[in-house]
Amino acid sequence: MSRHATTGPALFDRAILLNAMRDAAVKLDPRKLMRNPVIFVTEVVAAFVTLLWLRELAQGTGTPGFSGQIAAWLWFTVLFANFAEAVAEGRGKAQAASLRQARSDVQAKRLLDPDSDDGRYERVNAQTLERGDVVLVEAGDLIPLDGEIIAGVAAINEAAITGESAPVIREAGGDRSAVTGGTTVLSDAIRVRISTAPGETFIDRMIALVEGAERQKTPNELALSVLLSGMTLIFLIAVVTLWGLAGYSGTEVSVVVLVALLVTLIPTTIGGLLSAIGIAGMDRLIRFNVIATSGRAVEAAGDVDTLLLDKTGTITFGNRMATEFVALEGVTTTELAQAGLLASMGDDTPEGRSIVALAKAEFDLQEQEVPGAVLVPFAAQTRISGLDIDGRAIRKGAVDSVLRFAGIAADRAPADFRQAVDRIARTGGTPLAVADGRRLLGVIHLKDVIKPAIRERFAALRAMGIRTVMVTGDNPVTAAAIASEAGVDDFIAEATPEDKLAYIRREQTGGRLIAMCGDGTNDAPALAQADVGVAMQTGTQAAREAGNMVDLDSSPTKLIEIVEIGKQLLMTRGSLTTFSIANDVAKYFAILPALFIATYPEMSALNLMHLGSPESAILSAVIFNALIIIALIPLALRGVAYRPVGAAALLRRNLTVYGLGGLILPFVGIKVIDLAVTALHLA
Amino acid sequence: MSFVGWLQIAATLGLVLAAVRPLGRFMAKLFLGQRTFLHPVLSPVERGFYRAAGIDPEQEQTWFGYAMAMLIFSAMGFLSLYAILRLQGFLPLNPGALPGVAPDLAFNTAISFLTNTNWQSYSGETTMSHFSQMAGLTVHNFLSAATGIALAMAVTRAFARSGVATLGNFWVDMTRAALYVLLPLSVVVALALVAFGVPQTLSNAVDATTLEGARQTIALGPVASQEAIKQLGTNGGGFFNANSAHPFENPSALSNILAIWAMLVVSAALPITFGRMVGSERQGWALLSAMAILLILGAALVYWAEARGNPLITALGVDTGLGNMEGKEVRFGQAMSALFVAVTTGLSCGAVNTMHDSLTPLGGLVPMVLIQLGEVLPGGTGSGLYGMVVFCVLAVFVAGLMVGRTPEFLGKKIEAREIRMAVLAVLILPLVILGFTAVAAVLPAALSSLNNAGPHGFSELLYAYSSAAGNNGSAFAGLNANTPWFNTTLGIAMVLGRFAYVLPVMAMAGSLAAKPRGQASSGSLPTTTFLFVGLLVGVILILGGLQFFPALALGPIVEEVLMHTSATF
């Protein structure tokens, strides 16, 4: 599996941190903070306590030392939340900056008469181009905007978007015709029909996405915000009414303390980290060289029930390889391997090379220069290759071709030969016959080799509750054999794009979410229909627009990683929410006794943590509440580790760590802070 | 605490458990529209009702249509009950020649019975005529419980169905709940009660001469029939002021067991109905387990606190070997009194066989908490189930994310709209309970109703509003609630607790019904495991209970602490 180079900046880059500190202050603007109700409420009450503090200072009443510290920590709470978001955004911004270089003012050569061969053009600024314009791009030029090659072939450096410096070939017609604005043509000249308006190109979208400029709350984020706002409202009710409830027993509750209680109870931890988690999820995807066109797609990836995987490149290496020599009666296996090796010297196809490799590896044979030998190279028409030496004619190739060469009728072939051929075909392999003149030597077993460890990978997916479906153009017999060997749950043999689309629709009707990847124009409908459609960067423009993610590495295995990243994002969100809510229990036990102790000294029975004084208890709870945001930023950015162990085990683990941990940790944390606060005589 | 006491509790709950599966399955069949063994007798009656009312039973309603039908039905019920109470003096079956009920009390009582609360600011035997009891209150005991069941079935269908707009027909569900479930059960229970010695007569009070030669008036009436539905429908409004502590409502230990059984049986069976209808009876058992854990915990805590007795009384040299017996009936004992306390508050029933005001502070804390948790343990008939579903939705939403999928419950995705509605619903109880208590706590007009000072008086206030908003109806007593302030505000609290809660729940149900039902895989959050039950309990305690902690701290908690320092109020 290609665990791809994580090219982004380190988790905490110095420059990013410095920028983030500045941004955290800028984000205090209440108009921006409105988007985050929990932190917005915190800011409003922080401002309120600050006013109370100023009044106490001016009038010389109350305890300004205490109020001032509470106010300061409330502001810190807001700043820490802003900082978390700014750090997450900063990592994307660094990436966007490098992308932007590729978009600097480009001159384009617009053809005056695109319909003829006439090559006259005018130089215009790329920003003035319109959809449908045809431009000429020659070696050394930047491609001005996204488009489709309508004539020519070129080698193109796409490093600007993929980070991969090896050039790719793009040509008119077929599935390799799309070109991306900002990439460089290295050789030849092509005519490109512009397909996007300036400002809407792939690179523009990428910049907007990694910067988070267009970031909108995803459906689940929105739902979680509703819950967090609701909880804020509930605790607002609890705290505001406390004023009246306490009034019954004549307890004068200080407003500063009530505010402290409110802020510690409302879910500031998850409220402060929520958007950072979302941005970090997108960022993780970008580090895997996948661009999602919306956060919604990342969430959907976590929900995927069925993966449609192309056989070639994902499940198998894509080339048939020799795995076995089956010698006929009276022939030694070494003799057969030797003949196979010689006959394959003229075959440069991957199959031919794999025969040579197998012979060398298993029989310790050497490829040697044979003087006077005449190579018969492999040709698609004859489907046979070999070598003539000393009057011997050694051949290997498709069974019927070799039989014809040896002059043997198919039904006259030896029984053990026919049995070997049958067995190989039945198990999904391809038999190749080897003959020395008119004498049949044996059969070579070519088969689609399954990638190592893919079976375990699928088992892991099954444990996650995800079905894998192999899509292949092979016939059903071959497909079934490979499917059972690779351990996929289902397969679509002789698959056409229509079959894929039909399969996806059928699964969706059953209430399942489907992910697939594809690159061709004929994949576009299926990509659009799938809940998560990953288009290959090498694919056509149509495919890239139909999918909701683009894989810059064009690796079909990526789908599995994408699913994991989606799950990780959701898990991080859920775990921190659980943690945040569980924290409330300890905070109550810190603040409530402190609140009522003046009226009911016996309330100290509830002071389970034996905190120093009422003031230090309240201050410690507020400090803990602020610091926990900072402490959890690395977790929010890195994400909670996902393990494919099934939902029940995951729930048990996360509930223990974040639920039980969230219940216990603040008791310890507040106690420690209280010791420090008391030792420093802060309260 | 004694072994025999625990045995009594276990045996009573065992009897409920035995009835839960058959009753749950019966109701599932009934509300899925299948034939039951009662159909040969009752279906002609049922069809007669529809013909008379011009209802097409095949016509299904959207969530909005369903909710509107329920609201209209409730409004009509309110008007007719209010009229009966006000005009009582002119109506028949009034052997005591009782006058019409005062406006604020009639308002409070009408709402109280309509919302399945049965808060009683009056003494039944001296305020209500037989006609008011039978044609007014008892009718609503049936209808409010049937309405609750109907709403719960609508919410159940939201999960059972896939991609539809309708949730069933309110009139049909309500009629079936009353006719096939509550009525037959009531007949059986009422006959059993008569056998245990509960009076059932239309004659007036009997005058007796006591041994001292004094004259005593002994109130009588159609007690058994009202008692049966009072328990079965989790209504709780007693024929007598002393409610189930009165020897004519609850004469013996056996009738007490029957009373507890009848309170629990329908609410405990409904989760099984839910499970059957959504195609996973296990799910029903999981919900019932969560309810049972908290309920049994509550009962155990009351039993422990009460059996421990009051240290202040022990200090006076009184033998408290039996525990704190103040306000309890000797014929029930500590264990069955404790179980009754927990069940009647976990259930939103509100019948009492023990004076809650006389419980020790900790013992009094439990019923208050059980009500504030949202009346879902297992809650009122129907209302407990849909309340529990709301908590499931919230639990699944928070925890579901932790398995790396967007949350879903029974294959239905939980998204912003569902969460908005669930939050609106759970917002109601703290808003109403804490809001009204906070105002009453500083309002001289309200405070003058209190019999006790200090935290105990505060507990009485908090309990009253919790009971009203939770549609429980039991009282902490010690509070003269028959004043315009309390009659009005408690009435409003009851209305909000019932209707402001259920409307968002119905909206949530409508949106869930319209969603396709996904299939569960090993990647989905398991919602039938013990782990989920534990999670659900945690969510109920934290999301449902935590906001009441400050208020409780000022009432029973501080009182408990103070009791150990010899302070009394």
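What FRET efficiency, computed as 1/(1 + (r/R0)^6) with R0 = 25 Å and r the Cβ-Cβ distance, is obtained for A:Asp390 and A:Arg353, rounded to the nearest 0.05?
Here the calculated transfer efficiency is 0.50.
Once you have the Cα-Cα distance between A:Asp364 and A:Leu186, take 0.36 nm times their residue separation minus that, and quote the gain in nm to one decimal.
Stretched fully, the A:Asp364-A:Leu186 segment lengthens by 59.7 nm.
Any idea what the alpha-carbon Rg over 2.2 N^0.38 Å comes to for the stretch A:258-366?
Rg over 2.2 N^0.38 Å, computed on Cα atoms: 2.20.
Label-point separation (nm) for A:Ala676 and B:Thr488, each offset 7 Å from Cα along Cα-to-Cβ?
Computed distance between label sites A:Ala676 and B:Thr488 equals 5.4 nm.
If one takes the longest principal axis of the Cα atoms in chain A, at what angle in degrees, from 0 to 90 and to the nearest 10, does the Cα axis of helix A:476-486 lie?
Once rounded, the angle reads 50 degrees.
Buried accessible area for the A:B pair, summed, 1.4 Å probe, in Å² rounded to 100?
Adding both sides of the contact gives about 5000 Å².
Would you be so kind as to identify which of A:Ser187, A:Thr201, A:Leu682 lies farthest towards the positive end of the dipole of the protein assembly as shown, taking Lys and Arg as +1 and Asp and Glu as -1 on Cβ and the Cα centre as origin?
The listed residue farthest towards the positive side: A:Leu682.
Would you mind getting the accessible area per residue of chain A, heavy atoms of the protein chains only, 1.4 Å probe, in Å²?
Value for chain A: 39 Å² per residue.
What's the FRET efficiency of A:Glu130 with A:Thr496 using the Cβ-Cβ distance as r and R₀ = 30 Å, to the nearest 0.05?
Here the calculated transfer efficiency is 0.25.
If you find the alpha carbon centre of the stretch B:337-412 and of the stretch B:223-250, how far apart are they in angstrom?
23
How big is chain B along each principal axis, measuring the range of its Cα positions in Å and listing the largest first?
Taking max minus min along each principal axis of the Cα atoms, chain B gives 73, 56, 47 Å.
Might you tell me the accessible area per residue for the stretch B:380-568, computed with a 1.4 Å probe and given in Å²?
Counting only protein heavy atoms, the per-residue value for the stretch B:380-568 is 24 Å².
Once the Cα atoms of helix A:255-265 and of chain A are each reduced to a long axis, what angle between those two axes, in degrees from 0 to 90 to the nearest 10, is obtained?
For helix A:255-265, the angle is close to 20 degrees.
What is the set of long-range amide H partners of A:Ile150 at a cut-off below 5 Å, with H atoms built 1.01 Å from backbone N?
Amide H neighbours of A:Ile150, under 5 Å, 5+ apart: A:Arg191, A:Val192, A:Arg193.
In the stretch A:167-324, how does Rg compare with the Kirkwood Rh, expressed as the Rg/Rh ratio over alpha carbon atoms?
For the stretch A:167-324, the value is 1.24.
Just to check, using Stokes-Einstein with a Kirkwood Rh over alpha carbon pairs, what's the diffusion coefficient of the stretch A:336-435 at 37 °C and 0.692 mPa s in µm²/s?
My calculation gives 235 µm²/s for D.
State, as an integer percentage, the relative contact order of chain A based on alpha-carbon contacts under 8 Å between residues 6 or more apart.
Here the relative contact order equals 14 percent.
Rounded to whole Å and ordered largest first, report the semi-axes of the equivalent ellipsoid of chain A derived from its Cα gyration tensor (root of 5λ).
Those come to 65, 32, 20 Å.
My understanding is that a pair violates if its Cα-Cα distance is over 25 Å; which of A:Lys217/B:Lys515; A:Lys217/A:Lys587; A:Lys32/A:Lys558; B:Lys29/B:Lys413 do that in this structure?
A:Lys217/A:Lys587; A:Lys32/A:Lys558; B:Lys29/B:Lys413
Round to the nearest 0.05 the FRET efficiency obtained for B:Ala83 and B:Val164 when R0 = 41 Å and r is the Cβ-Cβ distance.
The formula returns an efficiency of 0.55 here.
Could you list log10 I(q)/I(0) for the protein assembly as shown at q = 0.05, 0.07, 0.08 Å⁻¹, which the Debye formula gives when each Cα is one point scatterer?
Values returned for q = 0.05, 0.07, 0.08 Å⁻¹ are -0.48, -0.82, -0.97.
When a/c reaches 1.5 or more, the comparison of a/b and b/c decides; with that in mind, is the stretch B:1-68 rounded, prolate or oblate per its Cα gyration tensor?
Prolate shape, in that a/c is at least 1.5 and a/b is the bigger ratio.
Under a straight-distance cross-link criterion of Cα-Cα below 17 Å, which lysines are reachable from A:Lys447, leaving out those fewer than 8 residues away in the same chain?
List returned: A:Lys311, A:Lys396.
Any chance you could check the stretch B:398-424 for residues losing 40 Å² or more of accessible area when the partner protein chains are in, compared with the chain on its own (1.4 Å probe)?
B:Val398, B:Leu401, B:Met402, B:Val403, B:Gly404, B:Arg405, B:Thr406, B:Ala416, B:Val423
Which residues of the stretch A:503-524 bury at least 20 Å² of accessible area once all protein chains are present, versus their chain alone (1.4 Å probe)?
SASA drop of 20 Å² or more in the stretch A:503-524: A:Gly510, A:Gly511, A:Arg512.
Find the Rg to Rh ratio for the stretch B:380-568, where Rh is the Kirkwood radius over alpha-carbon pairs and Rg uses the same atoms.
Ratio of gyration radius to Kirkwood radius for the stretch B:380-568: 1.07.
Simple spin-label model, 7 Å along Cα-to-Cβ: B:Phe64 to A:Ala139 in nm?
Each label point is offset 7 Å from its Cα along the Cβ direction, giving 6.9 nm.
Go through the stretch B:504-553 and flag every residue whose accessible area shrinks by 50 Å² or more with all protein chains in place compared to the isolated chain (probe 1.4 Å).
B:Gln519, B:Ser522, B:Leu531, B:Ile542, B:Leu543, B:Leu546, B:Gln547, B:Phe549, B:Pro550
Run the helix sum for the protein assembly as shown: -39,500 (n - 2.57) per DSSP H stretch of 4+ residues, divided by residue count, reported at 222 nm to the nearest 500 deg cm²/dmol.
So the helix-based figure for the protein assembly as shown works out to -17500 deg cm²/dmol.
In the protein assembly as shown, what percent of the accessible surface is made up of carbon and sulfur (1.4 Å probe, ligands and nucleic acids excluded)?
Heavy-atom surface of the protein assembly as shown belonging to carbon and sulfur, 1.4 Å probe: 61 percent.
Measuring from label point to label point, each 7 Å out along Cα→Cβ, what is the B:Leu254 to B:Ile313 span in nm?
Each label point lies 7 Å from its Cα, and together they span 3.0 nm.
Please give the length that would be gained between A:Gln216 and A:Phe317 if that part of the chain were fully extended, namely 0.36 nm times their separation in residues minus their C-alpha to C-alpha distance (nm, one decimal).
Contour length minus Cα-Cα distance gives 32.4 nm.
So what is Rg over Rh here for the stretch B:13-166, counting just Cα atoms and using Kirkwood for Rh?
Here Rg/Rh amounts to 1.04.
How much length is gained on full extension from A:Asn157 to A:Trp243, taking 0.36 nm per residue of separation minus their Cα-Cα distance?
Between A:Asn157 and A:Trp243, full extension yields an extra 24.2 nm.
The values are calculated or read from the model by the stated rules, or taken from the named source; none is laboratory data. Everything quoted here is computed from the prediction, not taken from an experiment. We place every Cβ from the backbone using ideal geometry, glycine too, and count neighbours over all the protein chains shown. Keep in mind that these areas ignore ligands, DNA and RNA; they rest on the heavy atoms of the full protein, side chains included. Shrake-Rupley method; radii C 1.70, N 1.55, O 1.52, S 1.80 Å.
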